[in-house]
Amino acid sequence: EVQLVESGGGLVQPGGSLRLSCAASGFTFSSYWMHWVRQVPGKGLVWVSRINSAGSSTSSVDSVKGRFTISRDNAKNTLYLQMSSLRVEDTGVYYCARGDRFDSWGQGTLVTVSS
Amino acid sequence: DIQMTQSPSSLSASVGDRVTITCRASQGIRNDLGWYQQKPGKAPKRLIYAASSLQSGVPSRFSGSGSGTEFTLTITSLQPEDFATYYCLQHNSNPPTFGQGTKLEIK
């Protein structure tokens with residue numbers, strides 16, 4: 001069974017940093033592109049960032065470029081999102097999702113940026 | 001970026017009704033579209049992939065159609081567990097983009 005489990009969310013002040021993790025199991029992690037998607041509570045879904053299966057190519061939405069870094073450790077079956085210079089508008093639930101067709105999602109981890 | 005215009009934004013229906021939700025893409029995306037169901041406090045769950053293929057385990061009352069720029073999700077004979085928010089997602093070109101969502105409520 002495919003499982004994606006996010007962790008690392010919490011309350012952080014504006015300008016702070018946080019690293020999210022997504023632990024994968026039940027499939028060959030190193031064969032899949034992976035994504036991060038954000039959802040402000042009560043609002044819609046917004047794609048944030050993606051990484052190819054080898055970890056050699058990444059892409060991110062303009063609003064996080066230069067602040068967020070997506071990476072992966074295929075030996076540990078784990079996806080990461082390093083978030084820095086956090087802003088109030090980065091608040092939301094962050095989901096990891098599998099593959100170019102977003103076929104499986106984790107349960108999400110809540111990031112709250114507030115003073 | 002490709003814009004996905006989803007309609008309606010909300011829909012009120014009764015158990016047993018048939019409902020249709022539409023997504024229009026600002027440019028052609030072939031059939032690179034999925035439909036997702038999200039319940040409060042839960043992750044999105046994929047229902048349909050490649051515009052019209054039913055995800056394994058999803059009831060057959062859900063169906064998708066369309067190609068190019070216009071897509072529909074149809075739910076026949078609504079069940080109580082179907083009341084949720086639905087999203088479309090295009091993954092044809094970067095960045096992937098979602099529709100704004102359709103909240104399906106009980107009448």
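The values are calculated or read from the model by the stated rules, or taken from the named source; none is laboratory data. In this text the structure is predicted, and so the values were computed from the model without any measurement. Note: ideal-geometry Cβ built from the backbone for every residue, glycine included; neighbour counts use all protein chains shown. Only protein heavy atoms, including side chains, enter the accessible area calculation; ligands, DNA and RNA are left aside. Shrake-Rupley method; radii C 1.70, N 1.55, O 1.52, S 1.80 Å.
Some observations on this one:
- Flag for B:Tyr49 being touching a Lys or Arg at 6+ places or on another chain (Cβ under 8 Å) and within 11 Å of another protein chain (Cβ to nearest Cβ): yes
- Options A:Leu86, A:Leu11; residue that is modelled with pLDDT of 95 or more and open to solvent by less than 30 Å² (accessible area, probe 1.4 Å): A:Leu86
- Count - residues of the stretch A:90-102 that are open to solvent by 10 Å² or more (accessible area, probe 1.4 Å), in contact (Cβ under 8 Å) with a residue 24 or more places away in the chain and not in a strand (DSSP E or B): 2
- Residue ID - farthest from A:Arg101 (Cα to Cα), chosen from residues in the stretch B:11-35 that are open to solvent by 60 Å² or more (accessible area, probe 1.4 Å) and within 14 Å of chain A (Cβ to nearest Cβ): B:Arg30
- Taken over the stretch B:41-81, the residue count meeting the criterion of being without any contact (Cβ under 8 Å) to a residue 24 or more places away in the chain and either acidic (Asp, Glu) or assigned to a loop (DSSP other than H, G, I, E, B) (or both) is 14.
- The set of residues in the stretch A:103-115 that are open to solvent by 10 Å² or more (accessible area, probe 1.4 Å) and more than 14 Å from every other protein chain (Cβ to nearest Cβ) comprises A:Thr112, A:Ser114, A:Ser115.
- Subset of the stretch B:36-46 [more than 11 Å from every other protein chain (Cβ to nearest Cβ) and either touching a Phe, Trp or Tyr at 6+ places or on another chain (Cβ under 7 Å) or farther than 19 Å from A:Arg38 by Cβ (or both)]: B:Gln37
- Take the conditions (1) surrounded by 17 or more Cβ atoms within 10 Å (Cβ to Cβ); (2) closer than 14 Å to A:Phe102 by Cα; (3) of a type outside the set (S, T, N, Q); (4) touching a Gly at 6+ places or on another chain (Cβ under 6 Å); A:Val2 misses just one of them, which is (1).
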